[in-house]
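Step one of this worksheet: look at the structure below.
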């Protein structure tokens, strides 16, 4: 079973702060790189961290709020300036293509590579990517716009006893952001090696949190407990909470194996 | 004569590097703030530097290349989330409104404030902003797309001897980016207190520099000399040059009063 590497490019919520940029993560699994969400500045953080984009073929966008996709145009444009030839696949709500195409046509007239948009239905659990070793499923969430998380599974083929094969999951990573507290996907992510669950607010702000359809650190911890996740990673922190250890303490009191998503850090699991 | 303050938010060129973000500057003149260009990440740098946006009413975009405007959507969106009420005025090529409106309509449905787009003709020298104490003129440049710089003048009214008044310029700042070497605007910016002139390459890369319609550090220094600028500020550095002192040395050998635009720094003049 290979090691998974997760690079945190941004772990803030809508409003950037002195310590947080909008959402973005790179998951490396079975020698492949997957970009998950692409808020403004993702390509800048990648450049600062010296992350090469040549192995990046797939981008997954959870939902069309700016803090999860405003960095796409800049990234796609820069890849073309670098002379990229390999195609890029983007998995997102169908509206993304409608919004991005006119921008790409104007700003990146002679794109050096092809972009394939794969329209996903965030309301439905479905396998949206599959190759020999990795499978990606949508994880339907509850947010103010259609939104889904993503479950990444390293899979390997095993004889099914009848002359065929079945895919057996090994390492699994679930990315669940943004969402109101909901247990509807707990069964789907049961036993994941790492669960990223948004934690925009603290319990002290529970009312505001519900109103804007986000989760608290305690709620993230509750989901991790119910799902029997091995570890919990929390992020998408509100600009209202200055000291992130408040998030950590709140979550750890329910689920000790909790980590804070810190920008520029790389986790292995 | 008041002091002018210039905050460097980004001084790189198209491709972000470990040290440079795309273009963005804030000029404070006569108690007013003007944002000049807005590459990706400008709002993030502003948040990191603790810069308040409440005094920002006017944004000037030199041209529609991504590294000069991809940060606009995120900034405008964040201002709405902060509940801004004051209108924002954007001065740019007419295409910007056509490109941004559908994005704003989708991502920022109930914008809390009004945005006024002022279409400018980058090919023509014209006064595009004027109030009691500040005047802004376009400075036509030569680039691969329509592009202009901006000349900011602190003005004050003096009796003209015939019972009327004339506006007399005091402190002046010229922002000239992006451009091929051209002397066509030298007379317009003569004697400015500070000249920002792009310096994407070094003389060693003069051929490439011409091909992509940019200027070298020497050429920026030559313009500063011809224009009798008091000081020269260079920026828009290519990702190909790692050590920025190479730019500084090249420019200073012709124009000693040259400064490097360093991100996060504030200059007064």
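The values are calculated or read from the model by the stated rules, or taken from the named source; none is laboratory data. Remember, it's a predicted structure, so these values are computed and weren't measured experimentally. Positions of Cβ are generated from backbone atoms using ideal geometry, with glycine treated the same way; all protein chains shown enter the neighbour counts.
Odds and ends about this structure:
- Qualifying residue in the stretch A:183-197 (condition: closer than 18 Å to residue A:12 by Cα and either without any contact (Cβ under 8 Å) to a residue 60 or more places away in the chain or surrounded by fewer than 19 Cβ atoms within 10 Å (Cβ to Cβ) (or both)): yes
- The residues of the stretch A:245-269 that are surrounded by fewer than 22 Cβ atoms within 10 Å (Cβ to Cβ), under 20 Å from the mean Cα position of the chain (by Cα) and farther than 20 Å from residue A:40 by Cα, listed by number, are A:248, A:257, A:259, A:260, A:267, A:268, A:269.
- Against the list (1) touching a residue at least 40 places away in the same chain (Cβ under 8 Å); (2) surrounded by 18 or more Cβ atoms within 10 Å (Cβ to Cβ); (3) farther than 27 Å from residue A:73 by Cα, the condition residue A:155 fails is (1).
- Qualifying position, being crowded, with 22+ Cβ neighbours inside 10 Å, more than 30 Å from residue B:154 (Cα to Cα) and in contact with a helix residue (DSSP H, G or I) (Cβ under 8 Å, 6 or more places away or on another chain), among B:201, B:237: B:201
- The set of residues in the stretch A:1-29 that are under 12 Å from residue A:41 (Cα atoms) and in contact with a helix residue (DSSP H, G or I) (Cβ under 8 Å, 6 or more places away or on another chain) comprises A:9, A:10, A:12, A:16, A:21, A:22, A:23, A:24.
- Checked against the criteria, residue A:230 counts as at negative phi and modelled with pLDDT of 95 or more.
- Failed criterion for residue B:179 (all others in (1) closer than 24 Å to residue B:69 by Cα; (2) in contact (Cβ under 8 Å) with a residue 60 or more places away in the chain; (3) out of contact with any helix residue (DSSP H, G or I) (no Cβ under 8 Å at 6 or more places or on another chain) hold): (2)
- Of all residues in the stretch A:9-18, those satisfying the criterion of being surrounded by fewer than 24 Cβ atoms within 10 Å (Cβ to Cβ) and in contact (Cβ under 8 Å) with a residue 12 or more places away in the chain are A:14, A:15, A:17.
- Residues within the stretch B:41-93 that are within 24 Å of residue A:20 (Cβ to Cβ), assigned to a loop (DSSP other than H, G, I, E, B), more than 12 Å from chain A (Cβ to nearest Cβ) and touching a strand residue (DSSP E or B) at 6+ places or on another chain (Cβ under 6 Å), tallied: 1
- Selection from the stretch A:97-107 of residues that are more than 10 Å from chain B (Cβ to nearest Cβ) and surrounded by 13 or more Cβ atoms within 10 Å (Cβ to Cβ): A:97, A:104
- Residues being part of a strand (DSSP E or B), under 23 Å from residue A:226 (Cα atoms) and either more than 15 Å from the chain's Cα centre (by Cα) or within 14 Å of another protein chain (Cβ to nearest Cβ) (or both) are represented in the stretch A:138-161 by at least one member.
- Where residue B:38 falls short, out of the listed (1) touching a residue at least 24 places away in the same chain (Cβ under 8 Å); (2) surrounded by fewer than 18 Cβ atoms within 10 Å (Cβ to Cβ); (3) more than 9 Å from chain A (Cβ to nearest Cβ): (2)
- Just one residue in the set B:33, B:21, B:13 is more than 7 Å from chain A (Cβ to nearest Cβ), in contact with a strand residue (DSSP E or B) (Cβ under 9 Å, 6 or more places away or on another chain) and under 25 Å from residue B:239 (Cβ atoms); that residue is B:13.
- Residue check for residue B:130: over 30 Å from residue A:109 (Cβ atoms) and without any contact (Cβ under 8 Å) to a residue 24 or more places away in the chain: yes
- Of all residues in the stretch A:240-269, those that are on the phi > 0 side of the Ramachandran plot have Cβ atoms under 8 Å from Cβ atoms of residues that are in a helix (DSSP H, G or I) and crowded, with 19+ Cβ neighbours inside 10 Å, 6 or more apart or on another chain, in A:264/A:45.
- If only residues of the stretch A:212-223 that are over 16 Å from the mean Cα position of the chain (by Cα) and within 18 Å of residue A:191 (Cα to Cα) are counted, the one that is surrounded by the fewest Cβ atoms within 10 Å (Cβ to Cβ) is A:222.
- Only one of the numbered conditions (1) modelled with pLDDT under 95; (2) more than 10 Å from every other protein chain (Cβ to nearest Cβ); (3) surrounded by fewer than 18 Cβ atoms within 10 Å (Cβ to Cβ) is violated by residue B:112, and that is (1).
- Some residue of the stretch B:113-135 being touching a strand residue (DSSP E or B) at 6+ places or on another chain (Cβ under 7 Å), part of a strand (DSSP E or B) and within 30 Å of residue B:241 (Cα to Cα): no
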